[in-house]
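Encoded as structure tokens, the structure appears first; notes follow it.
The values are calculated or read from the model by the stated rules, or taken from the named source; none is laboratory data. Since the model is a prediction, treat every value here as computed from it, not as a measurement. Please note: Cβ atoms are built from the backbone with ideal geometry, for glycine as well, and neighbour counts cover all protein chains shown.
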Amino acid sequence: MKNEATGKLLLRLMVGWVFLSEGIQKFLYPNALGVGRFIKIGIPWPHVLAPLAGATEIVCGALLLLGLLGRLATLPLFVVILGAIVTTKIPMLTRQGFWSTMHEARTGFCMLLGLLAILCLGVGEYALDARRACHSE
């Protein structure tokens, strides 16, 4: 059971850290990764949706790192990552082909599968959710 708990912890740390850091970077580098990128891609309401995506990544990424409301935290992140794949990787597929797209999409697809794994498996015993469950019994 310790191996399973450790695996869930490592999965949460990987997925949570990527989302947290990407969310922070949307605010640190708004022209390249935030509002400016959303404008370039053609996402509607970029001045609203870029900060919303960034804040979602920060809050939900941090929740995953802590293992707090972990399954719930995956749901908004699914919206963010699916939006990223649909708006950037699908158009790339038609312009640059399969292998270029697969190279560029590797992190997004890993995050998508990581979120799905956390949703299915839960956050594990090394999480604040597990501590809360112990204290409520």
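In the set Ala84, Ala73, which member is of a type in the set (Gly, Ala, Ser), out of contact with any Leu (no Cβ under 8 Å at 6 or more places or on another chain) and either at pLDDT 95 or above or part of a helix (DSSP H, G or I) (or both)? Before the answer, list the steps.
Details: Ala73 fails: out of contact with any Leu (no Cβ under 8 Å at 6 or more places or on another chain).
Answer to the check: Ala84.
When Trp99 is tested against (1) aromatic (Phe, Trp, Tyr); (2) without any contact (Cβ under 8 Å) to a residue 12 or more places away in the chain; (3) not in a helix (DSSP H, G or I), only condition (3) is not met.
Yes/no per residue for (1) surrounded by fewer than 18 Cβ atoms within 10 Å (Cβ to Cβ); (2) of a type in the set (S, T, N, Q):
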position: Lys8; (1), (2): no, no
position: Leu11; (1), (2): no, no
position: Ser21; (1), (2): yes, yes
position: Tyr29; (1), (2): yes, no
position: Gly42; (1), (2): yes, no
position: His47; (1), (2): yes, no
position: Ala50; (1), (2): no, no
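Are any of the residues in the stretch 65-74 touching a Phe, Trp or Tyr at 6+ places or on another chain (Cβ under 8 Å) and free of Cβ contacts under 8 Å to residues at least 24 places away in the same chain? For the stretch 65-74, residues touching a Phe, Trp or Tyr at 6+ places or on another chain (Cβ under 8 Å) and free of Cβ contacts under 8 Å to residues at least 24 places away in the same chain: absent.
Regarding Met111, is this residue at pLDDT 95 or above and either touching a Cys at 6+ places or on another chain (Cβ under 8 Å) or not in a loop (DSSP other than H, G, I, E, B) (or both)? Answer is yes for this residue. Just a yes or no: is a residue in the stretch 116-123 of a type outside the set (Gly, Ala, Ser) and outside any helix (DSSP H, G or I)? Looking through the stretch 116-123, at least one residue is of a type outside the set (Gly, Ala, Ser) and outside any helix (DSSP H, G or I). Of the residues making up the stretch 22-50, those that are assigned to a helix (DSSP H, G or I) and within 30 Å of Leu9 (Cβ to Cβ) are Glu22, Gly23, Ile24, Gln25, Lys26, Phe27, Leu28, Leu33.
Let's see how each residue does on (1) of a type in the set (Val, Ile, Thr); (2) more than 30 Å from Glu4 (Cα to Cα):
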{"residue": "Glu22", "(1), (2)": "no, no"}
{"residue": "Arg37", "(1), (2)": "no, yes"}
{"residue": "Leu69", "(1), (2)": "no, no"}
{"residue": "Thr101", "(1), (2)": "yes, yes"}
{"residue": "Thr107", "(1), (2)": "yes, no"}
